[in-house]
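What follows is a short report on a single structure.
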Amino acid sequence: MTTTTTTKKHKNPLLLPEVLDRVAHFVYSCDDDYWDYHPEVFLPCLLVCRFWHDCFLPHLYSTFISGQTDDGSPYHPHTQHLRTFIMFRPISDKELPYKVDGSSRATPPSQLTTLRVRHGAEAMLDLLSANAGSSLRVLTWTSSKFLVEMPPAMVKAMAMLSGLVSLELDSWKIDRADLLAILSACSSTLEMLSLRLISGYGDAPFLPLDSSPASTVTPTRDLSTSLSSLSILPSQPPKMKRLLELRLVLDWHQSPAAVHLVQLCPALQSLYLNVDVETSDWPALISNMRTFCPRLESIEYEVGYSMQYETGCYIESSLYASLLRDSTVEGEGQLRRVVLGVKLDEHITEALLKHSETLEEMNLEVRAFGPEEVRMVGRLLAGCRRLKEVDIEDVGKDCEAKDLVELTREVWVCRDLTSLTISGYSPGQAKEEEPLTAKGRKVNKLREPKVGREQAEREDKLKVFTESGQGWYVRPSLREKDVEEAVEDVDMKRRLMVHMMESGLEQVERVQFNESKFYSDEKYFTDDEDEDEEDEEEEEEEGEEDE
């Protein structure tokens with residue numbers, strides 16, 4: 001009896017469309033770096049073979065960015081491939097990536113996933129209408145002028161976008177009913193909402209302040225004023241059940257009702273506030289968050305700057321503290337992430353300590369930082385057990401290196417800490433170098449041996465971080481300037497590092513003092529390598545421009 005065996009042929013992975021589609025994504029991903037987008041990077045892939053050509057061609061024409069070409073005709077045969085459409089300025093019909101037929105605008109792309117427009121473009125209505133439905137996922141629209149009333153036709157088109165995941169509106173005047181209709185259309189999909197300089201939607205709450213998230217509410221009177229001709233009026237204010245992030249700019253132009261928008265966000269996890277007006281209803285905002293947002297985990301607060309407040313609008317510290325302390329219900333939800341751009345004092349420290357069992361990330365962007373604020377940070381490090389990342393940025397020259405030693409007065413309990421950054425403080429007084437004269441430059445060659453010895457001494461000082469079993473490393477590729485910065489205030493840095501080890505913080509990967517980065521293991525070098533190279537390139541370019 002004869003048996004035959006067949007060998008199963010395995011297809012080359014690089015001939016599978018699914019694999020090449022992922023390859024195309026990594027060859028070039030546009031993301032937010034629109035100015036760096038150059039689709040020609042796909043050209044070599046198109047020339048490999050016919051199969052590769054067919055797979056990569058849609059990616060070549062998937063993104064259009066205004067200003068990169070003055071002739072959109074090459075896109076015309078491939079309009080169906082467009083997925084990302086970016087317009088930073090008004091453009092002529094000739095520049096559009098789709099055909100325009102004199103009296104009527106024909107063939108706009110109808111499968112866009114991302115649309116970002118920074119002016120009231122005539123083409124916007126075509127694009128919104130063509131993408132009605134669920135394909136468009138990201139929409140950013142900034143008015144060309146300050147607080148322009150959104151045209152009814154645009155509102156109607158936006159109210160047909162049922163698949164939005166991210167919506168950002170800037171500098172528009174929108175009637176309350178129009179705004180609710182737009183939000184109602186995408187209430188089941190929207191995950192991020194950003195409103196900046198949006199006026200026109202009143203000051204009344206969307207839901208009664210004493211109601212719960214499950215309450216039913218009759219429509220407000222405004223719902224019949226603007227969209228009466230549409231058949232898309234929401235029966236009640238929409239509940240955006242998937243909205244995780246809300247970004248609000250509370251200023252003189254934002255409608256007061258902005259503080260009530262959180263009533264419509266029962267799943268809200270992250271709230272960003274930029275405030276430059278003292279008249280915001282803080283008690284209402286805090287009460288709304290406590291009542292309607294049981295899953296809130298992150299608060300990011302930024303001081304707003306405007307013509308009214310050239311140096312920033314700083315409200316009373318007790319209000320900031322109340323925002324942190326009272327916006328969550330103890331035992332039901334507590335903050336995991338806090339970003340603050342305000343002065344750290346006793347009120348705010350006590351409010352943060354309320355979340356000591358959950359707080360994981362703390363970013364303090366405080367310029368007025370002195371010995372008292374250092375003591376407050378020490379209390380937080382000694383009280384918040386779950387902290388993983390701590391960034392204290394732009395502390396200002398009022399904080400000196402010797403002041404940071406105050407952080408070692410108490411044992412740190414944050415055993416999960418992986419990253420600590422303290423930047424902007426004043427280092428020890430540096431010696432001023434004498435400027436070289438023409439004669440000095442000639443004799444400078446005679447000083448090379450001495451310079452070499454000084455460089456070796458600096459590098460020897462770096463070894464202090466790897467002695468006594470501390471195991472701290474700096475990248476070996478440091479330039480001379482970086483080495484000098486690393487050994488500045490070496491005693492303070494060493495004391496803090498020793499204190500971390502004595503406190504039992506074994507998870508720390510990176511510590512940064514001003515611009516100097518120290519690592520607990522050499523394997524973490526690569527994490528910051530690309531970022532550092534970009535910073536160095538920018539510094540070199542700036543230096544060339546100055547010359």
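Since every read-out is calculated from the coordinates, none of them should be taken as a lab result. Model, not experiment: these values are computed from the prediction. Every residue, glycine as well, gets a Cβ built from its backbone with ideal geometry; the counts of neighbours run over all protein chains shown.
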Chymotrypsin sites (Phe, Trp or Tyr not before Pro) restricted to region 94-192 and DSSP loop, no more than 13 other C-beta within 10 Å: F146
Karplus-derived HN-Hα couplings along region 253-261 (A = 6.51, B = -1.76, C = 1.60, θ = phi - 60°), whole Hz, x at Gly and Pro: 9, 5, 4, x, 5, 4, 5, 9, 4
Given K402/K481; K99/K239; K397/K481; K397/K517; K145/K239, the pairs whose alpha carbons are separated by over 28 Å: K99/K239; K145/K239
Peptides ranked, highest mean first, by Cβ atoms within 10 Å: ranges 44-55, 63-74: 63-74, 44-55
Trypsin sites (Lys or Arg not before Pro) lying in DSSP loop within region 326-428, provided at most 11 other Cβ fall within 10 Å: K397
Label-point separation, S134 to E410 (7 Å along Cα→Cβ), nm: 5.2 nm
Amide H partners (placed H, <5 Å) of R247, local residues excluded: L193, S194, L195, Y272
Trypsin sites (Lys or Arg not before Pro) restricted to region 471-514 and DSSP loop, no more than 11 other C-beta within 10 Å: R479
Inter-part distance where region 52-97 and region 242-307 are each reduced to a Cα centre, Å: 37 Å
Centroid-to-centroid separation of region 484-512 and region 320-382 [C-alpha atoms, Å]: 23 Å
